[in-house]
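Working notes for the structure below.
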Amino acid sequence: MAAVTVLDPREVPLGGLRAMTVRRTLPHKDISLVGAWCFVDHYGPNRIGADGPGMDVAPHPHTGLQTVSWLFEGTIEHRDSGGVHGMVRPGEMNLMTGGSGVAHSEVSTPETTVLHGVQLWLALPDSARHAPRAFDHYEPASIDVPVVTGGATARVFIGALAGLEGTDGAASPVVVHTPLLGAELVLQPNTSLTLALRPDFEHGILIDTGSLTLADDDGRTTPVAAAELAVIDAGPERIALTAGPDGARVLLLGGTPFEEEIIMWWNFVGRTNEEITTFREEWEAGSERFGQVEGYVGERARIPAPGLPGIKLRSRRRRR
Ligand code: MN
């Protein structure tokens, strides 16, 4: 039976001083990736003002990855150097491709009173990581194929859910570059659900609200609390989820193990120290690699790159 590892989040300020705090479970010191998912930031519900500031992340760069913004509540205004200006809202799928280079800003709107969501990164395989920047927006109706079965609903935003027992499953039209799964599941209090898993996928289950107990075919159980990420190694064909007395809303992430070694530093994913050094220098120099974000208004026009550490950056594989 494959192992289940429960990762605790760490609290990280997003975008500098007086920033909103997020709960980061990936990358973790023990596990860097789940499939190509290489970054999991979870935030809220934050009552803006009462619990702290909203989101205000000035223009900053990315390379070699795609970002997925998935909101439960609130609205974020997105601007990027591909000329895209739009709102990110709950239930929508917004996929930004950094590719060879992009810059963007993210600001919760003045009307947003509560902000609650996740930001996820997907590492791009070498074959796709030099692609031009892009932004794909999918309306809820195009991806939200609710799968309802005895006390649970699922919305599949990437890939296909092999099947909830008693249903035909659901598939998302979102285009990605490695085999992946991303879905939101909502379980009513004290209900159980058996998920069919692709045995060639590893999986992560992030608890947004409530709690869950996972049970494998051998009857081994693992409790998982809110804000934790349970990582399930490739292998099992199913897993049973039982929600606690408050129910559970979770994100189910999955993918085939990402076989390439990557270097993640700041907002960049690359392959070598030299490449990361170049990305940093090009961002600092205002290079065309990243382009310009038009229309962002804030205390500073862009986020400067931190200094590189004096030591060689560590490359990451899935497991440390
Ligand atoms: Mn970003």
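All of the numbers you see were taken from the coordinates with simple rules; none came from a lab. All values derive from a computational prediction rather than experimental measurement. As a convention, Cβ positions derive from the backbone with ideal geometry for all residues, glycine included, and neighbour counts pool all protein chains shown.
Below is a table of values for the structure above.
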| quantity | calculated |
| --- | --- |
| Residue list for the range 274-309, given a label point 7 angstrom along the Cα-to-Cβ vector of His130 and an amide N cut-off under 18 Å | 274-280, 282, 288-290 |
| Cβ-Cβ FRET estimate between Ala285 and Val12, R0 fixed at 30 Å, reported to 0.05 | 0.65 |
| Column: log10 I(q)/I(0), Debye, Cα scatterers of the range 1-135, q = 0.14 Å⁻¹ | -0.66 |
| Check: the range 164-320 dipole with +1 on Lys, Arg Cβ and -1 on Asp, Glu Cβ, in debye | 480 debye |
| ³J(HN,Hα) computed for each position of the range 302-316 - Karplus, 6.51 cos²θ - 1.76 cosθ + 1.60, integer Hz, glycine/proline x | 7, 8, x, 5, x, x, 6, x, x, 10, 5, 5, 8, 7, 10 |
| Segment Arg314-Thr277, length gained on full extension (0.36 nm per residue, minus Cα span) | 12.0 nm |
| Summed residue charge, Cβ within 14 Å of Glu11's Cβ, Lys/Arg positive, Asp/Glu negative | -1 |
| Rg/Rg_globular for the range 169-320, with Rg_globular taken as 2.2 N^0.38 Å and Rg from C-alpha atoms | 1.37 |
| Gain in span if fully extended, Asp217 to Trp266, counting 0.36 nm per residue against the direct Cα distance | 13.7 nm |
| Crossing angle, helix 273-284 versus the chain [Cα axis fit, 0-90 degrees, rounded to tens] | 60 degrees |
| The range 1-69: proportion of alpha-carbon pairs further apart than 17 angstrom, % | 54 percent |
| Helical contribution to [θ] at 222 nm, DSSP H n ≥ 4, -39,500 (n - 2.57), averaged over the chain, rounded to 500 | -1500 deg cm²/dmol |
| Test item: Cα-centred dipole of the chain, Lys/Arg +1 and Asp/Glu -1 on Cβ, debye | 700 debye |
| Residue-by-residue Karplus 3J(HN,Hα) for the range 217-231, coefficients 6.51, -1.76, 1.60, Hz, glycine and proline x | 5, 8, x, 6, 10, 9, x, 9, 9, 3, 6, 8, 10, 8, 10 |
| GNM flexibility winner over the chain from Pro13, Pro27, Pro309 (Cα, springs under 10 Å) | Pro309 |
| Principal axis dimensions, largest first and in whole angstrom, of the range 53-123 by Cα | 35, 19, 19 |
| Packing-based order for 213-221, 34-42, using average beta carbon neighbours within 10 Å, highest first | 34-42, 213-221 |
| Hz values of 3J(HN,Hα) by residue in the range 34-47 - Karplus curve (6.51, -1.76, 1.60), Gly and Pro given as x | 10, x, 8, 5, 10, 7, 10, 10, 10, 9, x, x, 9, 7 |
| Long-range tail of P(r) for the range 258-300 (Cα pairs > 17 Å, %) | 46 percent |
| Rg/Rg_ref, the chain, where Rg_ref = 2.2 N^0.38 Å and atoms are Cα | 0.97 |
| Long-range HN-HN contacts of Asp208 with modeled amide H, under 5 Å | Ala227, Arg249, Val250, Leu251 |
